[in-house]
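Data block below; observations after.
Readers should treat all values here as calculations from the given coordinates under stated rules, not as data from a laboratory. Everything quoted here is computed from the prediction, not taken from an experiment. Cβ: placed from backbone, ideal geometry, glycine included. Neighbour counts: every protein chain shown.
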Amino acid sequence: MAKRRFWLMKSEPDVYGIDDLERDGSTYWEGVRNYQARNFLRDDVQVGDGVLYYHSRQDPPGIVGLARIAKAAYPDPTQFDPKSKYYDPKATEENPRWVVVDLEFVAKLDQVLSLAELKDDPKLAEMLVVQKGQRLSVQPVEAIHWRHILKKAKIQVEPGR
């Protein structure tokens, strides 16, 4: 079994927020249209990996919850749908360009861990989300940062996961 990894995934709360994920229980994570983020989803994200659910375009932006990868990468169905805003005319069933993963809800934070709070914490100085110009919607998170954020959020680390 592969070593569990951790990720930060960004969403806009008015598109699909943590409340939507909590209500639905799980969803597929569509709409990634950056090659580096796609490659993380396709090549590195595995079932059981932990996810920091991050709301961008809110005031303040920050981590709002936790999720877990429930299903590994498979072709993003929206790339084939001409009615979808994620349609890609270059994608084919034989050669899909974009992938999705399924996320399942784990927990909602009592309060947002804002980007400003993350930036102010010296223990998180190397975390990608606090780096200038780092805008990827899917980012790897080091285990040490994952544990520190769960501690800051007063969330018990999942035993054996």
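Listed values, structure above:
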item: Share antiparallel - DSSP beta bridges, the stretch 1-72, percent rounded to 5; result: 50 percent
item: Karplus 3J(HN,Hα) series, Hz, for the stretch 13-28 with 6.51 cos²θ - 1.76 cosθ + 1.60 (x for Gly, Pro); result: x, 7, 9, 7, x, 4, 5, 5, 5, 4, 4, 7, x, 7, 7, 9
item: Backbone HN-Hα couplings from phi across the stretch 75-84 [Karplus 6.51/-1.76/1.60, Hz, Gly and Pro as x]; result: x, 6, x, 5, 5, 9, 9, x, 7, 7
item: Rounded Å value of the spacing that divides the Cα centres of the stretch 8-22 and the stretch 68-130; result: 10 Å
item: Hz values of 3J(HN,Hα) by residue in the stretch 104-115 - Karplus curve (6.51, -1.76, 1.60), Gly and Pro given as x; result: 10, 5, 10, 7, 10, 6, 5, 8, 5, 8, 5, 4
item: Charged-residue dipole, Cβ positions (Lys, Arg, Asp, Glu), the stretch 15-92 about Cα centre, Debye nearest 20; result: 260 debye
item: Helix axis angle, 143-152 relative to the chain longest principal axis, alpha carbon, degrees; result: 60 degrees
item: Interchain or long-range residues, amide H under 5 Å from Val99's placed H; result: Asp76
item: Gyration tensor over alpha-carbon atoms, the chain, equivalent ellipsoid semi-axes in Å; result: 26, 17, 15
item: 5 angstrom amide H check on Val106, placed H, neighbours 5+ away; result: Leu66, Ala67, Arg68
item: Residues in the stretch 46-66 that a label on Ser26 would reach, taking backbone N under 16 Å of a point 7 Å out along Cα→Cβ; result: 46-51
item: Spacing of the two label points (7 Å from each Cα toward its C-beta) at Lys151 and Asp81, in nm; result: 4.3 nm
item: Calculated FRET value between Ile144 and Val47, using beta carbons and R₀ = 35 Å, to 0.05; result: 0.95
item: Value at 222 nm in deg cm²/dmol, rounded to 500, when DSSP H runs of n ≥ 4 in the chain each add -39,500 (n - 2.57); result: -4500 deg cm²/dmol
item: Pair Lys132, Glu117: separation of 7 Å Cα→Cβ label points (nm); result: 2.5 nm
